[in-house]
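Notes follow once the structure below has been shown.
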Amino acid sequence: MFEEAQYFAPVAAQEDGSVVVELSESHPGFADPVYRARRNTIAGLAVDYRPGTPIPAAEYTDQEHAVWALVTRELAIKHAKYATAEYLDGADRLGLPGERIPQLEEVSRLLEPLTGFRYLPAAGLVPLRDFYGVLADGYFHSTQYIRHHSVPFYTPEPDVIHEVIGHANALAGSRYAALYRLAGQAARRVQSDEALEFVSKVFWFTLEFGVMQESGELKAYGAGILSSYGEIEEFRGMDIRPLDLSAMGTTHYDITKYQDVLFRAESLQHLEDVVGDFWDTCDDDSIAKLAAAAV
Ligand SMILES: [Fe+2]
C-alpha cells in the first residue's frame, strides 16, 4: 500500500531456512548467479540477526569495494558543490573509509559517539512502523548489499552506498540526527496507517529528498539526492516548491525515476521549525486536518 514497498527487491524465506532475494528481470544483477548468491547470503545475515549482537560482516568482492571507492570519490566532488554545510561537517567528523565498503558494525562504531545512532541490518523492506519507529531510539535500518558492479552509478534499490553515504553522513550531524529521532517519535505516536503514511511522506520529501537554501544557493541534504550520482546534478532544475506540510504529506511520488517535485527549506532552522515541530507534535487529528487542507 505504500510506494516504498516497490523500492526493495522482495525477500523470501524458503522451507529449508535459506533466503532468496527476488531480483526483477530488469535488475542489473539478474543474470549474474554469483551476485545473486551473494545477495541471498547477505539478506540471510539480516534475517538471522538478533538485536544486541554484533552485525555479522557481509562478504564483498574486490570489484564491489572498487565500486564503493569510485562512487565515494565522485560523490565527494559533487558534495563539495551541492551538499549543505551540516552534511559536509557530519561527513568530515564521521570519516567513512574511502577505499572499501565499511561493515555496518563499523558504521555504528563511528556514528554512535557522535549522535548516538547505530545501524541495524535490513534484508529488504522493513515495515514502515518499525523502520521509522526505531529512529526514536537511535537505530537506523540499513541494507548491506551493494549495487551490481556493471553499473556503478545506478541502483534500482537503496543499497549500502545510499544507506551509509546518504544517511550516515547526515546522521553524524546532531541537528539532522535530532530530526530523524523526531520522525521516529511521530511514527510511534500516530495510530492510523493513513497518518503513518503522511509522516513517511514528509520524511521522503525532507530527509530523503530535501533541498535547502544556503548562502544564496540551493543545496541538498536529502540522502536520496546525496547518494545519487545522476540526481545530484539535476535537482536544481526540478520543480522546487516551498516547504509545505500539507503538500509534502499528500504529494504522490514515483520511486522509479528522478524526483521532479522537491520542497525547499529556507534554512536548517526553518526545517526544524516546520518539520521538526510537526513530527514533535503531530497526531492523527492534526494530520487529518493537514491532509484535508491540501489543494
Ligand atoms: Fe533512504
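Size descriptors for the range 116-231, from the alpha-carbon set: Rg then Dmax equal 14.3, 43 Å. Choose one of Tyr35, Ala58, Pro10: the residue whose Cα lies farthest towards the positive end of the charge dipole of the range 7-58 (beta-carbon charges +1 Lys, Arg; -1 Asp, Glu; about the Cα centre). Going by the Cα projections, it comes out as Ala58. Across the range 66-82, computed HN-Hα scalar couplings (Karplus, 6.51 cos²θ - 1.76 cosθ + 1.60, θ = phi - 60°) run 5, 4, 4, 4, 5, 5, 4, 5, 5, 5, 4, 5, 6, 4, 4, 8, 10 Hz from first to last residue, x flagging Gly and Pro. The simple Förster model, with R0 at 22 Å and r as the Cβ-Cβ distance, assigns Ala31 and Thr256 a FRET efficiency of 0.60.
Entry note, the range 23-178: relative contact order of 28 percent, from Cα contacts under 8 Å with a spacing of 6+ residues.
Expressed as a whole percent, the proportion of Cα-Cα pairs in the range 1-80 lying more than 14 Å apart is 73%. Across the chain, the relative contact order, built from alpha-carbon pairs under 8 Å that are at least six residues apart, equals 18 percent.
Of all beta bridges that DSSP places with both ends in the chain, some 40 percent have antiparallel geometry.
Phi angles of the range 236-247 translate, via the Karplus equation with coefficients 6.51, -1.76, 1.60 and θ = phi - 60°, into HN-Hα couplings of 5, x, 7, 6, 8, 10, x, 4, 8, 4, 4, 5 Hz per residue; Gly and Pro are given as x. The calculated FRET efficiency for the pair Asp193 and Arg264, based on their C-beta separation and a Förster distance of 25 Å, comes to about 0.30.
Once backbone amide H atoms are built at 1.01 Å from N, Arg118 has Tyr139, Phe140 as its partners under 5 Å, excluding neighbours fewer than 5 places away on the same chain.
Normalised by the number of residues in the range 176-278, the average gap of Cα pairs under 8 Å and 6 or more apart makes the relative contact order 29 percent.
Helical runs (DSSP H, four residues minimum) scored at -39500 (n - 2.57) apiece and divided by the length of the chain put the mean residue ellipticity at 222 nm at -12000 deg cm²/dmol.
Values in this text are rule-based calculations from the coordinates and carry no lab data. Quick caveat: nothing in here was measured; it's all calculated off a predicted structure. Cβ sites come from the backbone with ideal geometry, for glycine too, and all protein chains shown count toward neighbours.
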